[in-house]
Amino acid sequence: MRGALRGKWWPLTAICLANLMLLIDVTIVITAMPEIARELDAGLPAQQWVLDAYALALAALLLPVGVLGDHRGHRSLYLLGLAVFAVSSLACGLAPGAGVLIASRVAQGVGAAAMFATSAALLAAAYTGRDRGVAFGVWSAVGGAASVTGVLAGGLLTEYAAWRAIFLVNPPLSVVALLLAWLTVPADGPAGPGRRDGRRLDLPGAALFTLCAGALVYGLIRGGETSWGDGLVTGSLALSALALVAFVVSGTRVRPGREPLLDLRLMRRPSFATLMLTSAVFTASAFAHLTYTMLWLQAGLGMSPVGAGLAAMPASAASLVVASVAGRWLDRLPARVPLGGGMALIGVGDLMLTAIGPDSGWQVLTPGLVVSGVGVGLAVPVLSSAALHAAPPERAGMATGAAVTFRQVGFALGVAVLGTVFAAGGHPGSPAAYAERLDAVYLTAGIAGLAAAALTVVFVRTPAPLPRGAAPEEPRPGGTSPQRSAAQR
């Protein structure tokens with residue numbers, strides 16, 4: 001069977017198929033959430049956790065799993081991640097209650113982290129020269145397509161099959177991707193920098209980072225559900241703060257021979273620290289509010305899942321068009337220009353959404369979603385590359401991995417914070433009440449986006465872009481350069 005799959009693009013096909021699934025699963029649940037809530041009798045906090053469990057697991061494990069791949073080999077970890085993703089997707093689709101669904105979403109995030117953290121290194125090992133550039137270009141384009149299709153795909157599957165179908169399509173596709181990867185993706189040994197110098201995985205840092213993010217999100221979600229004086233709320237927020245302090249101490253006192261999860265010296269650089277903050281605010285401002293927009297469209301206006309998905313499409317379509325048309329020109333500008341401009345447009349687009357009123361129809365969303373989508377299209381192509389250039393070359397992989405991590409953490413925190421704002425007045429009982437709650441949600445997201453834009457313009461300073469026609473440094477398989485290549489293309 002191996003002989004029948006000799007085409008050079010089969011490894012790319014396998015990796016892109018898996019990448020499409022894991023990225024779609026960040027947003028595909030959004031449109032299906034009202035149906036999930038109805039069938040599983042899940043309140044707003046449980047709905048938030050169905051979204052956040054996946055994003056948090058993916059964010060918390062992305063960096064440590066990447067280092068583990070350097071130690072143990074990227075291909076074996078990638079195949080294991082695909083298998084975990086397939087089994088956990090099946091568990092999600094068969095979940096009898098919200099608790100099982102949330103736990104299965106955590107497992108999904110674990111598998112997704114293993115897949116996403118090793119994809120770039122596997123592509124770099126499978127291709128060289130011009131083929132490598134093509135491979136990373138296609139890989140990046142698939143990521144953009146996932147953001148466009150996630151919400152609509154969730155609506156189509158929910159309306160014409162059932163909400164469980166959004167998870168049950170993953171196992172057969174995962175089996176195909178697993179077989180293709182096993183047959184065509186070349187084996188790679190433990191060739192990462194951690195293996196070469198004998199460094200070990202920073203398990204304490206990984207555990208503290210996970211505890212900090214998880215406790216913070218739990219406290220925010222429960223605070224919106226009960227009260228901010230609740231013992232579990234104050235305890236969770238205090239635990240998160242303590243874990244953050246311990247993470248900082250752990251990161252500055254890493255024992256010899258152990259690679260830190262995140263080199264905290266990078267955070268002393270204003271450009272890098274601002275880019276991490278912007279990465280988090282980006283997903284919070286641009287995408288997290290869609291969770292509550294879908295509740296209004298379906299539960300408030302009575303729209304079908306497909307109709308709700310189509311109503312949200314202007315943002316995705318605008319971002320895809322702008323990123324495709326302008327992406328090739330953006331790397332010739334200082335990063336603060338497209339990134340700051342993109343965040344400003346996201347903020348303005350969110351503020352335009354506050355035009356929603358008691359008698360509004362779905363059309364009121366379109367102008368704001370288009371403006372926000374244009375901002376996403378400007379910001380996405382430069383987020384990772386800007387982080388890359390804000391860090392020293394030997395930390396290239398860590399920098400781009402941190403940018404992706406902060407984006408996922410930002411989505412999880414955005415869902416929690418905006419959910420607290422949405423639930424502040426109790427459960428809405430009419431379209432007018434939904435509109436009032438959403439007005440506050442959009443206002444909060446818009447202010448955050450504009451603040452991030454201002455910080456980006458003031459503090460982000462990266463090296464001048466490459467001259468036109470200049471070739472970037474050729475990445476080396478197994479080291480940190482594959483991530484550099486992925487970000488530049």
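One residue stands out in the stretch 360-392 among those that are without any contact (Cβ under 8 Å) to a residue 24 or more places away in the chain and not aliphatic (A, V, I, L, M): the one that is surrounded by the most Cβ atoms within 10 Å (Cβ to Cβ), namely Pro367. From the list Phe136, Phe85, Phe116, the lone residue that is among the aromatic types (Phe, Trp, Tyr), in a helix (DSSP H, G or I) and open to solvent by 10 Å² or more (accessible area, probe 1.4 Å) is Phe116. Of the residues Ala424, Ala454, Ala396, the single one that is assigned to a helix (DSSP H, G or I), of a type outside the set (Phe, Trp, Tyr) and modelled with pLDDT of 85 or more is Ala454. Of the residues in the stretch 10-17, not one is touching a helix residue (DSSP H, G or I) at 6+ places or on another chain (Cβ under 9 Å), in contact (Cβ under 8 Å) with a residue 60 or more places away in the chain, assigned to a helix (DSSP H, G or I) and under 27 Å from Ala207 (Cβ atoms). Are any of the residues in the stretch 304-319 over 26 Å from Leu51 (Cα atoms) and either among the aliphatic types (A, V, I, L, M) or assigned to a helix (DSSP H, G or I) (or both)? So far as the stretch 304-319 goes, no, none of its residues is over 26 Å from Leu51 (Cα atoms) and either among the aliphatic types (A, V, I, L, M) or assigned to a helix (DSSP H, G or I) (or both).
A quick yes/no check of all residues on (1) open to solvent by 10 Å² or more (accessible area, probe 1.4 Å); (2) at pLDDT 90 or above:
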| position | (1), (2) |
| --- | --- |
| Gly7 | yes, no |
| Leu12 | yes, no |
| Leu20 | yes, no |
| Val26 | yes, no |
| Ile30 | no, no |
| Glu35 | yes, yes |
| Glu39 | yes, yes |
| Leu44 | yes, no |
| Ala53 | no, no |
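Condition (residue is modelled with pLDDT of 90 or more and either open to solvent by 30 Å² or more (accessible area, probe 1.4 Å) or in contact with a strand residue (DSSP E or B) (Cβ under 8 Å, 6 or more places away or on another chain) (or both)) applied to the stretch 258-266: is it met by at least one residue? Scanning the stretch 258-266, I find no residue that is modelled with pLDDT of 90 or more and either open to solvent by 30 Å² or more (accessible area, probe 1.4 Å) or in contact with a strand residue (DSSP E or B) (Cβ under 8 Å, 6 or more places away or on another chain) (or both), so the answer is no. Within this structure, Val110 passes the test of being free of Cβ contacts under 8 Å to residues at least 60 places away in the same chain, in a helix (DSSP H, G or I), among the hydrophobic types (A, V, I, L, M, F, W, C) and open to solvent by 20 Å² or more (accessible area, probe 1.4 Å). Summed over the stretch 140-157, residues that are touching a Lys or Arg at 6+ places or on another chain (Cβ under 9 Å) and open to solvent by less than 30 Å² (accessible area, probe 1.4 Å) total 0.
The values are calculated or read from the model by the stated rules, or taken from the named source; none is laboratory data. In this text the structure is predicted, and so the values were computed from the model without any measurement. Note that each Cβ is placed from the backbone with ideal geometry, even for glycine, and that neighbours are counted across all protein chains shown. Heavy atoms of the whole protein, side chains included, go into the accessibility calculation; ligands, DNA and RNA do not. Shrake-Rupley method; radii C 1.70, N 1.55, O 1.52, S 1.80 Å.
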